[in-house]
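Trainee: Before I ask anything, here is the structure I am working with.
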């Protein structure tokens, strides 16, 4: 059985794999990817002669999920014959595995943002942006941006670059924390000579976790 050709292709491009089977009449050729039979409908089997067949597997627009190990196989006398596998590598612009997240921080407090992207192709470099202003120079992926602090809500993002092009992350907004607002709807639900039950609705938390509330009795 002949072997398919090893391929490295760009994302979005068409791919056609082929293998040949000799010494069998009307073989049932199956394509397999990473151990699972391929259910792709774009499969074609052409007889070259009575005992020589060629099988084709077509992928019209390859994605990263199409990358993997392919081979074709046939049943012959109760045994499975398999071809030499082909490793299909799909190259494209970087793919983010970690994007910067929204944060809430006190004014002028230091914080970090993380960004990571992968190929292939490698290497992947990261460029940080603060609004429309570039921050520093390219750094290898993964990258951590250390910020000494901000005095107003600020948007950060990162770009990932490789030989195929660039990809932009989601924008991450860094909000400023503030003092919490006063509670409201304060109600005394039960009152006796020795104790009282008070209910209230908390005010805005100022983008920080409320830790305690103090009740003063006049």
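The values are calculated or read from the model by the stated rules, or taken from the named source; none is laboratory data. None of the values given here were measured: they were computed from a predicted structure. For neighbour counting, all protein chains shown are included, and Cβ atoms are generated from backbone atoms with ideal geometry for every residue, glycine included.
Trainee: Between a residue in the stretch 173-190 that is part of a strand (DSSP E or B) and any residue that is exposed (fewer than 10 other Cβ atoms within 10 Å of the Cβ), which pairs come within a Cβ distance under 6 Å, given they are 6 or more apart or on different chains?
Mentor: These pairs meet every condition: 184/201; 185/201.
Trainee: Please go through the stretch 84-100 and pick out each residue that is closer than 22 Å to residue 71 by Cβ, assigned to a strand (DSSP E or B) and out of contact with any helix residue (DSSP H, G or I) (no Cβ under 8 Å at 6 or more places or on another chain).
Mentor: 86, 87, 89, 91
Trainee: Give the stretch 134-172 a look and list any residue that's at negative phi and not in a strand (DSSP E or B), or say none. I'd like the intermediate steps shown before the answer.
Mentor: First, the residues of the stretch 134-172 that are at negative phi: 134-135, 137-148, 150-164, 166-172.
141, 142, 148, 150, 151, 152, 153, 163, 164, 169, 170, 171, listed by residue number.
Trainee: Show the residue pairs that are 6+ apart or on different chains and have beta-carbon atoms under 8 Å apart, the first residue being within the stretch 74-86 and free of Cβ contacts under 8 Å to residues at least 12 places away in the same chain, the second being in a strand (DSSP E or B).
Mentor: Within 8 Å, the pairs are 80/73; 80/74.
Trainee: Also: State whether one or more residues within the stretch 91-100 are touching a strand residue (DSSP E or B) at 6+ places or on another chain (Cβ under 7 Å), surrounded by 13 or more Cβ atoms within 10 Å (Cβ to Cβ) and more than 30 Å from residue 131 (Cα to Cα).
Mentor: Within the stretch 91-100 (the criterion being touching a strand residue (DSSP E or B) at 6+ places or on another chain (Cβ under 7 Å), surrounded by 13 or more Cβ atoms within 10 Å (Cβ to Cβ) and more than 30 Å from residue 131 (Cα to Cα)), the answer is no, since none of the residues qualifies.
To keep it simple, each residue is scored yes or no on (1) free of Cβ contacts under 8 Å to residues at least 12 places away in the same chain; (2) over 13 Å from residue 66 (Cα atoms); (3) outside any loop (DSSP other than H, G, I, E, B).
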site: 18; (1), (2), (3): no, yes, yes
site: 24; (1), (2), (3): no, yes, no
site: 27; (1), (2), (3): no, yes, no
site: 32; (1), (2), (3): no, no, yes
site: 39; (1), (2), (3): yes, no, no
site: 44; (1), (2), (3): no, yes, yes
site: 48; (1), (2), (3): no, yes, yes
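Trainee: Next question. What are the residues in the stretch 115-133 that are surrounded by 12 or more Cβ atoms within 10 Å (Cβ to Cβ) and either part of a strand (DSSP E or B) or out of contact with any strand residue (DSSP E or B) (no Cβ under 9 Å at 6 or more places or on another chain) (or both), if any?
Mentor: Passing the criteria: 115, 116, 117, 118, 125, 126, 127, 128, 129, 130.
Every residue, every condition in (1) in contact with a helix residue (DSSP H, G or I) (Cβ under 9 Å, 6 or more places away or on another chain); (2) surrounded by 13 or more Cβ atoms within 10 Å (Cβ to Cβ); (3) at pLDDT below 90, yes or no:
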site: 3; (1), (2), (3): no, yes, yes
site: 8; (1), (2), (3): no, no, no
site: 20; (1), (2), (3): no, yes, yes
site: 24; (1), (2), (3): no, yes, yes
site: 31; (1), (2), (3): no, yes, no
site: 36; (1), (2), (3): no, no, no
site: 40; (1), (2), (3): no, yes, yes
site: 43; (1), (2), (3): no, yes, yes
